[in-house]
Amino acid sequence: MELLQHLLPNQTGLALNSWNLDTANGRIVVELSSTQAWAECPLCHCPSHRVHSHYERTLKDLPLAQFSLVLLLAVGKFFCLNDSCIIGLTH
Ligand SMILES: [Zn+2]
């Protein structure tokens, strides 16, 4: 686990939660979560710390040796706090 944590680039806003070498299916599954505590609204550019919910994205990266690499990324969804802007935010 410590080795993989060092392989994550700094300043990514990601934390390594766990990983699993799934030899039966020829893949490595890495669980990550976003550490970003706020997001900027893409419409009005106001920052928001108010979390609406969380959801998971499944990503694939380049293979590592003979194993495919699957990234499970948990990210937060934020509300925009600007009263004149009613869109939700995600990061
Ligand atoms: Zn907004």
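The values are calculated or read from the model by the stated rules, or taken from the named source; none is laboratory data. Quick caveat, the model's predicted, so the values are computed rather than measured. Positions of Cβ are backbone-derived with ideal geometry, glycine not excepted, and every protein chain shown enters the neighbour counts. Note: areas computed on protein heavy atoms with side chains; ligands, DNA, RNA excluded. Shrake-Rupley method; radii C 1.70, N 1.55, O 1.52, S 1.80 Å.
Somewhere in segment 75-83, is a residue free of Cβ contacts under 8 Å to residues at least 60 places away in the same chain, among the acidic types (D, E), surrounded by fewer than 16 Cβ atoms within 10 Å (Cβ to Cβ) and not in a strand (DSSP E or B)? Give the steps one after another, and end with the answer.
Taking segment 75-83 as the starting set, the residues that turn out to be free of Cβ contacts under 8 Å to residues at least 60 places away in the same chain are 75-83.
Filter once more, keeping what is among the acidic types (D, E): 83.
Filter once more, keeping what is surrounded by fewer than 16 Cβ atoms within 10 Å (Cβ to Cβ): 83.
Narrowing the set further to residues that are not in a strand (DSSP E or B) leaves 83.
Taking every residue of segment 75-83 in turn, at least one turns out to be free of Cβ contacts under 8 Å to residues at least 60 places away in the same chain, among the acidic types (D, E), surrounded by fewer than 16 Cβ atoms within 10 Å (Cβ to Cβ) and not in a strand (DSSP E or B).
In segment 44-62, the residues that are outside any loop (DSSP other than H, G, I, E, B) and open to solvent by less than 100 Å² (accessible area, probe 1.4 Å) form Cβ pairs under 7 Å with partners that are within 13 Å of the ligand (Cβ to nearest atom) and among the charged types (D, E, K, R), at six or more places apart or across chains, as follows: P47/E40. Checked against (1) more than 16 Å from the ligand (Cβ to nearest atom); (2) open to solvent by 90 Å² or more (accessible area, probe 1.4 Å); (3) over 19 Å from T12 (Cβ atoms), S68 meets all criteria but (2).
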